Every structure is written in C-alpha cells, then in structure tokens.
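The values are calculated or read from the model by the stated rules, or taken from the named source; none is laboratory data. Bear in mind that the values here come from a model prediction, so they are computed numbers and not experimental data. Cβ atoms come from the backbone with ideal geometry, glycine included; neighbour counts cover every protein chain shown. Areas reflect the complete protein model, heavy atoms only, side chains present, ligands, DNA and RNA absent. Shrake-Rupley method; radii C 1.70, N 1.55, O 1.52, S 1.80 Å.
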Amino acid sequence: MSKPKLQIALDHNDLEHALADIVKVGEIVDIIEVGTILCLQEGHKAISCIRSMFPEKTLVADTKCADAGGTVAKNVADAGADFMTVICCATIPTMQAAQKEVKELQVELYGDWTYEQAAAWREIGIKQAIYHQSRDALLSGETWGEKDLTKVKKLIEMGFNVSVTGGLDVDTLKLFEGMAVYTFITGRGITAAPDPVKAAQDFKDEITRIWGQ
C-alpha cells in the first residue's frame with residue numbers, strides 16, 4: 001500500500017494571501033491546489049504564478065467544472081495545471097472533453113451521486129475521485145463517521161485513487177488507517193494554524209507514522 005500524499009488547498013479570495021501561505025509550506029506538501037474561490041477570483045494568473053514558483057510540484061485547478069469541459073481544461077492546462085476537478089453531476093461528454101486536455105481529471109463527490117455513476121466514470125478511464133465532507137456540512141456539525149469510511153472503501157475497491165477532504169486535522173488521519181487513501185487534502189488545517197510550517201510537517205509525520213515510509 002503506497003503512502004498517501006498531502007495536498008494543500010489554497011482557498012483564498014486573493015492571490016497575495018495565497019502566495020504568502022504557499023511560500024511557507026510549498027516544499028513540504030506533495031500537491032498544491034488552486035482552490036475554487038481562488039480560481040474564480042484570479043484564475044490563470046494564480047495557476048501560472050504558482051506553477052512558476054513550484055515547477056516540480058503537482059498542481060490542481062479546483063474548478064469543479066460542470067460544463068464546457070474541454071475549454072476550461074485547456075485553459076487551466078495552458079496556465080500550468082496538471083489535474084482539474086469536475087463536479088460529479090457533470091455529463092459524461094463534459095468529462096470526456098476535459099480528459100483530453102489535462103493529465104488527469106478528478107471527480108468531486110458532492111450531494112447525491114451513485115455507484116452506477118462512478119462505474120461510468122471508471123469506464124471512460126477516470127482514475128481519481130475526491131470524497132468530501134463539505135464546508136457547509138461541517139459548519140452544521142457533521143463529522144467523519146463510518147458512513148463516510150464505507151463509501152471511501154467502496155470507491156477504492158472500484159479502482160479509484162480516492163482523495164479525502166473536509167475538516168481534516170492530524171487526529172482525523174487515524175480513522176483511515178489500513179485504507180489506500182491517495183491524498184489527504186487540507187486548507188485551513190494548515191493555513192489557519194498558528195504555525196503553518198509545523199502544521200504541514202505534523203500532517204506529513206502522521207501519514208508516515210500510519211502508512212510507513
């Protein structure tokens with residue numbers, strides 16, 4: 001079982017604050033995500049700027065694309081993104097169009113989705129799925145539980161590289177022990193910490209403790 005990666009989500013309203021955060025921890029994390037809000041606010045500039053700063057890192061454009069997949073994917077790829085996200089309600093043609101333009105496409109699992117849909121995504125060659133506890137769900141008091149872990153396990157069994165995100169902290173990681181999680185994604189778990197560098201390293205150290213070298 002390979003060791004999960006650590007991804008930082010730059011869920012910022014402006015590029016200046018995103019850069020101030022990523023310059024501190026960019027060398028510690030494995031994957032850098034230009035978050036949805038930052039994509040909407042700064043788009044091409046944010047992706048291309050972060051790509052120039054970290055040319056060797058995997059870079060994700062979290063567009064949550066629902067339509068015009070080919071155009072959106074080409075734009076973010078031209079800016080320097082490796083991966084792009086599509087929302088799970090996007091049509092198969094939208095996903096297929098996006099797939100042609102980026103190295104890998106990630107399906108964001110929000111709201112009502114089915115394993116039948118997931119099987120269709122695998123059938124067209126999509127390898128990555130992102131399982132969420134949404135920000136709104138967390139604010140309403142929901143926490144990670146067995147229902148979430150069961151779904152993550154099922155998606156892994158279906159052949160997906162599954163990333164998990166939503167209110168993760170270092171203590172949450174042990175819930176996933178023994179599972180082949182592809183990536184743990186956190187934003188404020190690092191950026192809002194008193195010491196972001198220590199927070200990022202603590203995540204990395206706990207991943208290594210649980211999954212080994």
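Beta carbons closer than 6 Å, at least 6 apart along the sequence or on distinct chains, pair a first residue in the range 88-101 that is assigned to a loop (DSSP other than H, G, I, E, B) with a second that is of a type in the set (Phe, Trp, Tyr) and modelled with pLDDT of 95 or more for CYS88/TRP113. The residue of the range 171-192 that is farthest from the chain's Cα centre (by Cα), among those that are outside any helix (DSSP H, G or I), among the hydrophobic types (A, V, I, L, M, F, W, C) and within 22 Å of ASP62 (Cα to Cα), is ALA192. Taken together, the residues in the range 66-75 that are buried (at least 22 other Cβ atoms within 10 Å of the Cβ) and in contact with a helix residue (DSSP H, G or I) (Cβ under 6 Å, 6 or more places away or on another chain) amount to 2. Mind checking whether some residue in the range 43-52 is touching a residue at least 40 places away in the same chain (Cβ under 8 Å), open to solvent by 30 Å² or more (accessible area, probe 1.4 Å) and within 18 Å of the chain's Cα centre (by Cα)? No - not one qualifying residue is present in the range 43-52. Give the residues of the range 103-119 that are closer than 16 Å to ILE92 by Cβ and surrounded by fewer than 13 Cβ atoms within 10 Å (Cβ to Cβ), sorted by residue number. Those that are closer than 16 Å to ILE92 by Cβ and surrounded by fewer than 13 Cβ atoms within 10 Å (Cβ to Cβ): THR114, TYR115, GLU116, ALA119.
Every test in (1) under 30 Å from GLU157 (Cβ atoms); (2) at pLDDT 95 or above; (3) aliphatic (A, V, I, L, M) is passed by ALA18 save one, and that test is (1). With respect to (1) buried (at least 16 other Cβ atoms within 10 Å of the Cβ); (2) modelled with pLDDT of 95 or more, the lone exception for LYS174 is condition (1). Checked against (1) assigned to a loop (DSSP other than H, G, I, E, B); (2) farther than 30 Å from GLN213 by Cα, GLU27 passes all but condition (2). Taken over the range 13-24, the criterion of being touching a residue at least 60 places away in the same chain (Cβ under 8 Å) and either basic (Lys, Arg) or in a loop (DSSP other than H, G, I, E, B) (or both) is satisfied by LYS24 alone.
In the range 143-157 there is at least one residue that is in contact with a helix residue (DSSP H, G or I) (Cβ under 8 Å, 6 or more places away or on another chain), farther than 27 Å from THR71 by Cα and open to solvent by 70 Å² or more (accessible area, probe 1.4 Å).
Set side by side, the residues THR85, THR94, THR63 differ, and just one is open to solvent by 20 Å² or more (accessible area, probe 1.4 Å) and among the β-branched types (Val, Ile, Thr), which is THR63.
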